[in-house]
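Read through the structure below, which is laid out as structure tokens, and then see the notes.
The values are calculated or read from the model by the stated rules, or taken from the named source; none is laboratory data. None of the values given here were measured: they were computed from a predicted structure. Note that each Cβ is placed from the backbone with ideal geometry, even for glycine, and that neighbours are counted across all protein chains shown.
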Amino acid sequence: MRDGFVRRVIKRVALWNFYVNVTATRAWRRRRGAAPYILGGDCRRCARCCEAPGIQVGWATWYLPTLRRLFLWWQRTVNGFELADRDPRQRVFVFRCSHFDWTTRSCDSYGSRPGICRDYPRNLLDQPGPELHPGCGYRPVARNAARWLRVLEAQPLTPEQRRQLKTGLHLDVDSEPGAPGPGPRGGTWCAWPGGSGGGSPPPE
Ligand code: SF4
Ligand code: SF4
């Protein structure tokens with residue numbers, strides 16, 4: 001169901017809160033040297049990230065019933081996310097989005113979509129081995145990729161070995177936008193605690 005005026009206003013306020021949070025969190029992580037990847041590639045508008053949006057939450061939200069109920073109520077009432085599954089290992093709630101049209105693979109409230117939808121897959125770049133949705137046009141690129149590529153070029157490797165190393169070490173800096181990334185890698189969830197920020201627009 002399309003967002004009405006009131007829901008759009010509430011989501012706009014939540015979006016600014018989301019941006020403030022992720023900007024501060026990422027700046028802090030970068031200062032600590034804990035942000036190993038940058039984002040390469042481009043969005044292909046396949047809408048895979050709309051099929052089962054997931055949000056990883058903190059310990060308190062996962063374990064405290066009142067906080068958990070409040071979180072799930074917000075997701076259902078404001079974002080239109082109905083709880084579909086849980087992954088206790090990673091404290092991830094997986095949802096079914098009521099704004100997603102499976103036939104046209106489009107979002108009926110694209111202009112007011114939440115921050116986690118705009119951010120995917122930037123939220124994954126802080127992980128040691130980011131796993132994007134299969135077929136996603138984005139890919140993680142190691143921050144020091146250019147230096148490692150020079151090292152690789154100097155080694156006596158076959159083209160296949162070179163290709164495998166480039167993929168495995170996330171050194172693929174020069175693929176055409178929208179060209180295949182490292183390839184299908186699994187992964188069923190797309191967001192995190194307060195999300196992540198920045199822009200992976202699924203189809204309008
Ligand atoms: S972009 Fe729209 S359809 Fe996709 S998950 Fe977000 S709100 Fe749902
Ligand atoms: S960000 Fe989402 S819509 Fe864009 S290519 Fe990746 S999975 Fe598809």
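The condition of being more than 16 Å from residue 117 (Cβ to Cβ) and not in a strand (DSSP E or B) holds for only one of 28, 16, that being 28. Restricting region 91-149 to residues that are acidic (Asp, Glu) and in contact with a Gly (Cβ under 6 Å, 6 or more places away or on another chain) leaves a set whose member that is farthest from ligand 1 (Cβ to nearest atom) is 131.
Name the single residue, out of those in region 81-90 being under 17 Å from residue 67 (Cβ atoms) and away from ligand 1 (no atom under 11 Å from the Cβ), that is surrounded by the fewest Cβ atoms within 10 Å (Cβ to Cβ). Give the derivation first.
Keep residues of region 81-90 that are under 17 Å from residue 67 (Cβ atoms), which gives 81, 83, 86, 88.
Checking which are away from ligand 1 (no atom under 11 Å from the Cβ) leaves us with 83, 86, 88.
Working: 83: 12, 86: 13, 88: 7.
Among those that are under 17 Å from residue 67 (Cβ atoms) and away from ligand 1 (no atom under 11 Å from the Cβ), it is 88.
Selection over region 93-122 of residues that are part of a strand (DSSP E or B) and within 12 Å of ligand 2 (Cβ to nearest atom) gives a count of 3. Determine, yes or no, whether residue 160 is modelled with pLDDT under 85 and more than 17 Å from the chain's Cα centre (by Cα). Considered against the rule, which asks whether it is modelled with pLDDT under 85 and more than 17 Å from the chain's Cα centre (by Cα), residue 160 comes out as no. The one condition from (1) away from ligand 2 (no atom under 14 Å from the Cβ); (2) in contact with a strand residue (DSSP E or B) (Cβ under 7 Å, 6 or more places away or on another chain) that residue 129 does not meet is (2).
Scanning region 129-167 for residues that are in a loop (DSSP other than H, G, I, E, B) and within 28 Å of residue 50 (Cβ to Cβ) gives 129, 130, 131, 132, 133, 134, 135, 136, 137. Six or more apart or on different chains, Cβ atoms under 9 Å: show the pairs whose first residue is in region 41-62 and under 12 Å from residue 97 (Cβ atoms) and whose second is of a type in the set (Val, Ile, Thr) and within 11 Å of ligand 1 (Cβ to nearest atom). Listed by first residue and then by second, the contacts come to 53/116; 54/116; 55/116. Hey, does region 67-80 have a residue that's touching a residue at least 40 places away in the same chain (Cβ under 8 Å) and in a helix (DSSP H, G or I)? Within region 67-80, one or more residues are touching a residue at least 40 places away in the same chain (Cβ under 8 Å) and in a helix (DSSP H, G or I).
A quick yes/no check of all residues on (1) charged (D, E, K, R); (2) modelled with pLDDT under 95; (3) over 28 Å from residue 173 (Cα atoms); (4) over 15 Å from the mean Cα position of the chain (by Cα):
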| site | (1), (2), (3), (4) |
| --- | --- |
| 8 | yes, no, yes, yes |
| 11 | yes, no, yes, yes |
| 29 | yes, yes, no, yes |
| 40 | no, yes, no, no |
| 49 | no, no, no, no |
